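Read the structure below first, then the notes.
The values are calculated or read from the model by the stated rules, or taken from the named source; none is laboratory data. Given the structure is predicted, the values throughout are model-derived calculations rather than measurements. Glycine gets a Cβ as well: all are built from the backbone with ideal geometry, and neighbour counts include every protein chain shown.
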Amino acid sequence: MTARRGAPARAGGDPSAQDRPLLTVEGLTKRYGARIGCADVGFMLWPGEVMGIVGESGSGKSTLLGCLAGHIAPDAGRVIFDTRDRGPRDVLAMPEPERRMLARTDWAFVHQNPRDGLRMGVSAGANVGERLMAVGARHYGQIRGAARDWMARVEIDVGRIDDRPSAFSGGMQQRLQIARNLVTGPRLVFMDEPTGGLDVSVQARLLDLLRGLVRGMGLSAVVVTHDLAVVRLLSDRLMVMQGGRVVEQGLTDQVLDDPQHGYTQLLVSSVLQV
Amino acid sequence: MSEPKGPAERGKIVTEPEPISYNFAYLDEETKRMIRRALLKALAIPGYQVPFASREMPMPYGWGTGGVQVTAACLVPEDVLKVIDQGADDTTNAVSIRAFFARTAGVRTTTRTAEATIIQTRHRVPETPLREGQILVFQVPIPEPLRFLEPRETETRRMHALQDYGLMHVKLYEDIARHGEIATSYAYPVKVEGRYVMDPSPIPKFDNPKLSMCPAIQLFGAGREARIYALPPWTRVESLDFEDHPFTPSKADQACALCGAADSYLDEVITDDAGGRMFVCSDTDHCAGRRGEAS
């Protein structure tokens with residue numbers, strides 16, 4: 001079943017854009033030869049809303065996220081983003097320079113492995129400042145000020161601004177990656193297993209931080225994870241994927257507390273209790 | 001051995017081997033046409049790296065194979081050639097390339113910047129201002145300014161195409177964060193006519209301002225990397241910097257020990273093993289000219 005249950009919940013961001021979705025996805029399909037990456041996925045994401053995508057490994061979560069973020073070219077479908085200056089536009093039909101500009105201003109992508117999202121060879125400050133410099137910031141003092149500010153916001157000791165990320169712990173690297181992505185004030189964040197590979201106490205702290213940032217900045221986000229606790233904490237709505245298809249979607253609490261589809265029931269009952 | 005010869009005749013046979021005939025300026029005409037096509041394209045798109053079919057030259061890579069091919073493609077018999085290596089006319093690289101063209105092209109050579117019509121240079125721009133009609137040929141080891149930041153050629157090409165140059169400033173940011181100032185002192189990246197970011201070859205950043213609005217044609221050849229790029233006359237060339245850390249063309253804070261010039265780029269020469277040193281003009285022609293005028 002793919003019937004939509006529940007409507008957008010919270011308000012946030014620009015009130016004039018409240019009456020239309022930030023992101024509209026229609027019939028998104030990606031095939032790897034005869035196999036299906038993801039098939040006929042469609043949803044709407046409203047300003048200030050967090051959408052969770054769960055499913056087991058190989059269910060097409062990451063492929064879907066890659067297609068949304070423009071890293072992978074899908075075979076069919078449309079991804080319509082409500083741009084700041086020109087209204088809703090099909091991202092897949094955009095020319096490359098525009099899409100790149102979007103990717104470093106209004107969008108952010110948090111990788112599962114911080115090594116994929118960070119530049120390990122340059123200092124933490126330069127990592128945070130890179131997006132600013134990419135969009136034309138040319139004042140060293142201001143770039144450094146922004147880097148300091150953002151390191152403080154993600155709870156990294158500001159004194160480590162000139163250290164390389166390779167000298168950071170896994171949790172700090174992940175928080176640095178988040179700072180680096182949010183420094184340009186994006187409106188839409190894609191997260192691929194943001195807590196993967198971290199131990200539980202670090203996970204809890206990161207989730208707390210993410211929740212604060214998402215709520216505080218009124219961000220919209222698409223969070224891919226296999227960890228149901230993460231979506232319970234972060235997301236307003238939930239999509240369950242199996243074999244590249246969406247099998248169930250609705251409000252997070254509704255889906256998790258009263259799963260309708262057999263696979264969702266299996267998923268929810270598979271969570272280990274302590 | 002039919003009949004014995006006199007000593008003079010025998011000596012002649014030994015010292016003068018069969019003369020080898022090369023085409024004018026060593027390269028064949030088709031190769032020169034190919035290089036000229038690349039040069040014209042490079043001049044049409046200032047700062048853009050044009051791939052060309054770089055040839056094997058009779059010298060090792062790193063000795064100026066790119067510059068030599070560009071010079072060979074530009075030379076005409078009426079040209080007067082000057083070759084400098086780090087500013088000097090009398091170092092190995094300069095002497096051998098000058099001898100190479102004196103032999104294969106038979107062109108007149110000079111050490112005077114003002115007299116030369118083509119100047120091939122390794123890592124310096126002459127102090128004497130260039131004029132219209134002159135060609136300055138740079139030897140380039142690594143033409144890609146983004147190479148040490150992004151190792152993939154496919155990606156650097158895309159970055160140039162999309163003007164995605166944020167990474168270049170990340171490097172300058174790192175310099176300031178680590179050293180308190182932009183510590184890059186040579187091969188200092190420039191932006192050409194507000195479009196392409198270009199590596200000016202490893203010239204000291206002292207020479208960067210001379211590239212901008214230069215009346216002469218400036219050609220850059222990288223033999224191993226098979227790339228040619230160019231600055232047409234009167235092209236705007238800006239060195240990248242930050243608003244609060246502006247570009248400064250730095251040099252040793254001394255005057256030349258030989259000619260007393262305070263405004264030329266200086267080489268530091270170690271004179272003994274007790275810390276003795278002197279600073280002299282890197283541009284030998286400029287220095288000699290000044291001393292000639294002074295005496």
- Which of (1) more than 23 Å from B:PRO145 (Cβ to Cβ); (2) in a helix (DSSP H, G or I); (3) out of contact with any helix residue (DSSP H, G or I) (no Cβ under 6 Å at 6 or more places or on another chain) is the odd one out, the single condition B:LEU39 does not satisfy? (1)
- Within segment B:232-282, which residues are among the aromatic types (Phe, Trp, Tyr) and surrounded by fewer than 16 Cβ atoms within 10 Å (Cβ to Cβ)? B:TRP234
- When you look at A:MET94, is it more than 10 Å from every other protein chain (Cβ to nearest Cβ) and without any contact (Cβ under 8 Å) to a residue 12 or more places away in the chain, yes or no? yes
- Query: Does segment A:111-121 contain any residue that is farther than 23 Å from A:THR195 by Cβ and in contact with a strand residue (DSSP E or B) (Cβ under 6 Å, 6 or more places away or on another chain)?
  - Reply: no
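Residues are listed down the side, and each one gets a yes or a no for (1) at pLDDT 90 or above; (2) over 30 Å from A:ARG31 (Cβ atoms):
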residue	(1), (2)
A:GLY197	no, no
A:VAL200	no, yes
A:ARG205	no, yes
A:LEU209	no, yes
A:SER220	yes, no
A:LEU228	no, no
A:GLY244	yes, no
- If the Cβ limit is 6 Å and pairs must be 6+ apart or interchain, which residue in segment A:137-149 that is closer than 14 Å to A:ARG180 by Cβ and within 8 Å of chain B (Cβ to nearest Cβ) pairs with which residue that is small (Gly, Ala, Ser) and not in a helix (DSSP H, G or I)? A:ILE143/A:ALA137
- Query: Which helices (runs of 4 or more DSSP H) sit wholly inside segment B:134-248 and have at least 3 residues that are within 14 Å of chain A (Cβ to nearest Cβ)?
  - Reply: B:153-161, B:166-179
- Residue satisfying all of: in segment B:22-51; in contact with a strand residue (DSSP E or B) (Cβ under 8 Å, 6 or more places away or on another chain) and over 24 Å from B:ARG124 (Cα atoms); surrounded by the fewest Cβ atoms within 10 Å (Cβ to Cβ) among these: B:GLU29
- Would segment A:118-133 turn up any residue that is within 13 Å of chain B (Cβ to nearest Cβ), more than 26 Å from A:SER62 (Cβ to Cβ), touching a residue at least 24 places away in the same chain (Cβ under 8 Å) and among the acidic types (Asp, Glu)? no
- Of all residues in segment A:150-186, how many are β-branched (Val, Ile, Thr) and either surrounded by 22 or more Cβ atoms within 10 Å (Cβ to Cβ) or more than 14 Å from every other protein chain (Cβ to nearest Cβ) (or both)? 4
- Item | The one condition in (1) within 13 Å of chain B (Cβ to nearest Cβ); (2) among the hydroxyl-bearing types (Ser, Thr, Tyr); (3) closer than 23 Å to A:GLN173 by Cβ that A:THR105 fails to fulfil | (3)
- Identify the single condition in (1) in a helix (DSSP H, G or I); (2) over 19 Å from the mean Cα position of the chain (by Cα) that A:GLU155 does not satisfy, given that it satisfies every other one. (1)
- Message: I'm trying to understand the selection: among the residues of segment B:263-289, which are over 24 Å from B:GLU115 (Cα atoms) and either among the hydrophobic types (A, V, I, L, M, F, W, C) or within 14 Å of another protein chain (Cβ to nearest Cβ) (or both)?
- Response: B:VAL269, B:ILE270, B:ALA274, B:MET278, B:PHE279
